[in-house]
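Notes follow once the structure below has been shown.
The values are calculated or read from the model by the stated rules, or taken from the named source; none is laboratory data. Values in this document were obtained by computation on a predicted structure and should not be read as measured data. All Cβ positions, even for glycine, are placed from backbone atoms using ideal geometry, and neighbour counts span all protein chains on display.
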Amino acid sequence: MKRQILSAVLVLTGTAAFAGDPLEGVWKTKPDDDGKFGFVEVKPCGPAFCGTLIKAFDATGAEIASDNIGKQIIWDMVAYGNGVYDDGKVWSPDRDKTYNSEMQLTGNALAVKGCVLGICRDGGTWERVK
């Protein structure tokens, strides 16, 4: 209930509610099952946050071409304070699944978790790039 009320307040107040939020920036994802990882740029979008894949890397850390560059990885992620972000979605390109997700920001580390159809996955800890 508290989150629903906060969501309503954020919708009414618009993006000013999180101007300069610490979630904004570029994040290095946890490597997937093949060791590939990406850089996701997170920005405000409407009353929440969205993240777009801006670079992809292979297991050696070499930048690679990917059809997923420019695709939205995070959307509808709502800030609840104290580093908690919830009620959003995270798309996992390696499994082509969209998870109902939550994130916990602590300094330059972003713990990502999500569930789809009752099956949950630990998205690991993403690291701030900038």
### Message
List the residue pairs whose Cβ atoms are under 9 Å apart, where the first residue sits in region 77-104 and is free of Cβ contacts under 8 Å to residues at least 12 places away in the same chain and within 13 Å of Val40 (Cβ to Cβ), the second is among the polar types (S, T, N, Q) and surrounded by 15 or more Cβ atoms within 10 Å (Cβ to Cβ), and the two are 6 or more positions apart or on different chains.
### Response
none
### Query
Tally time: how many residues in region 2-59 are at pLDDT below 95 and on the phi > 0 side of the Ramachandran plot?
4
### Summary
When region 116-130 is checked residue by residue, the ones that are touching a residue at least 40 places away in the same chain (Cβ under 8 Å) and either part of a strand (DSSP E or B) or surrounded by fewer than 14 Cβ atoms within 10 Å (Cβ to Cβ) (or both) are Gly123, Gly124, Thr125, Trp126, Glu127, Arg128, Lys130
### Task
Could you please give the count of residues in region 53-95 that are surrounded by fewer than 13 Cβ atoms within 10 Å (Cβ to Cβ) and farther than 15 Å from Thr29 by Cβ?
7
### Query
Does Ala62 qualify as being among the aliphatic types (A, V, I, L, M), in contact with a helix residue (DSSP H, G or I) (Cβ under 8 Å, 6 or more places away or on another chain) and either at positive phi or at pLDDT 95 or above (or both)?
no
### Task
Report, by residue number, each residue of region 96-115 that is touching a strand residue (DSSP E or B) at 6+ places or on another chain (Cβ under 8 Å), surrounded by fewer than 16 Cβ atoms within 10 Å (Cβ to Cβ) and not small (Gly, Ala, Ser).
Lys97, Thr98, Gln104, Asn108, Cys115
### Message
Residue under question is Ile73, and the condition is that it be in contact (Cβ under 8 Å) with a residue 24 or more places away in the chain and out of contact with any Gly (no Cβ under 6 Å at 6 or more places or on another chain); does it hold?
### Response
no
